[in-house]
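Reviewing the structure listed below.
The values are calculated or read from the model by the stated rules, or taken from the named source; none is laboratory data. Here the structure is a predicted model, which means the values were calculated and not measured. Every residue, glycine among them, receives a Cβ derived from its backbone with ideal geometry; neighbour counts consider all protein chains shown. Calculation scope for accessible area: heavy atoms of the full protein, side chains included, ligands and nucleic acids excluded. Shrake-Rupley method; radii C 1.70, N 1.55, O 1.52, S 1.80 Å.
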Amino acid sequence: MKKLILGTAILALSAGIASASEVVRMGTEGAYPPYNFINDAGEVDGFERELGDELCKRARLTCEWVTNEWDSIIPNLVSANYDTIIAGMSITKERDEVIDFTQNYTQPDPSGYLALTRSDPDLKGGIIAAQTGTIQAAHIASSGATLVEFATPDETIAAVRNGEADAVLADDAYLRPIAEENDDLEMLKKTELLGGGVGMGLRESDRDLRAKFDAAIASMKADGSLNKLIMKWEIGPGF
């Protein structure tokens with residue numbers, strides 16, 4: 001009987017080790033602080049790096065981080081160049097038709113407008129910059145303003161500075177620190193509430209993987225650790 005119990009325990013342990021060693025490639029942009037960025041050591045850092053590592057730990061998975069440019073981040077997920085998107089991606093109906101999402105791990109973050117200090121831009125009829133393929137770009141395109149799109153968030157800021165755009169629309173959590181650090185830029189009072197919060201993107205066929213991450217996100221919501229990360233990185237309202 002003791003040998004049977006011991007053997008069962010070893011098998012259970014082996015199964016746990018096998019589960020923990022499953023490698024999941026986490027795709028992110030690495031250019032959208034505080035959600036994700038590349039630190040001085042050349043490593044992925046930020047809110048989503050810390051969150052993703054904890055989710056993998058709870059789901060008994062091994063994370064490998066992969067960076068990919070934003071404008072091809074969904075096609076490269078579908079092509080299996082990585083297994084998830086964890087890149088400040090808001091959950092939208094249009095994206096959900098192509099990929100699957102976990103439950104949200106942030107509330108919808110207000111999108112804000114950044115412009116040159118004391119410039120008073122026309123947000124309804126002016127030229128507004130946004131990063132390509134974002135919910136902000138879609139909003140501007142339907143608002144009556146003229147949309148100019150750029151591949152990276154840095155380029156949207158440059159467009160405001162060099163006169164190509166009157167303002168840029170992006171997540172408040174991204175723009176506000178830039179405004180605070182640069183006297184020539186300021187946040188406007190107007191905000192937009194877009195999308196259904198940020199979630200992890202996965203291929204529609206990876207239902208088991210989605211379930212694992214869903215359970216891990218739910219456990220972090222339940223024990224308050226997700227709210228602590230949101231507060232630490234100043235992402236927005238908690239749950």
Query raised in the report: Residues in segment 188-237 that are buried (at least 17 other Cβ atoms within 10 Å of the Cβ) and touching a Phe, Trp or Tyr at 6+ places or on another chain (Cβ under 7 Å): how many?
Result: 10
Query - Subset tally (residues that are part of a helix (DSSP H, G or I) and farther than 15 Å from ILE38 by Cβ) for segment 61-78 - result: 8
Requested in this report: Please work out which residue is nearest to ARG95 (Cα to Cα), limiting yourself to segment 160-187 and to residues that are buried (at least 21 other Cβ atoms within 10 Å of the Cβ) and among the aliphatic types (A, V, I, L, M).
Outcome: ALA170
Requested in this report: For segment 133-179, name all the residues that are charged (D, E, K, R) and under 22 Å from the mean Cα position of the chain (by Cα).
Outcome: GLU149, ASP154, GLU155, ASP171, ASP172, ARG176
Report task. Go over the candidates ALA167, ALA215, ALA222 one by one and state the one that is among the small types (Gly, Ala, Ser) and closer than 26 Å to TYR82 by Cα. Result -> ALA215
Report summary line: Here the qualifying pairs (Cβ atoms under 8 Å; residues six or more apart or on different chains; first in segment 93-106 and under 15 Å from ILE135 (Cα atoms); second assigned to a loop (DSSP other than H, G, I, E, B)) come out as ARG95/MET89
Report task. Could you list all residues from segment 61-78 that are surrounded by fewer than 16 Cβ atoms within 10 Å (Cβ to Cβ) and farther than 12 Å from GLU29 by Cβ? Result -> THR62, GLU64, PRO75, VAL78
Query raised in the report: How many residues does segment 183-239 contain that are touching a Leu at 6+ places or on another chain (Cβ under 9 Å), of a type in the set (Lys, Arg) and within 25 Å of ALA170 (Cβ to Cβ)?
Result: 1
Report summary line: The number of residues in segment 156-170 that are of a type outside the set (A, V, I, L, M) and either in contact (Cβ under 8 Å) with a residue 24 or more places away in the chain or in a strand (DSSP E or B) (or both) is 4
Report task. Quick one: count up the residues across segment 31-45 that are more than 10 Å from the chain's Cα centre (by Cα), closer than 20 Å to ALA151 by Cα and open to solvent by less than 60 Å² (accessible area, probe 1.4 Å). Result -> 3
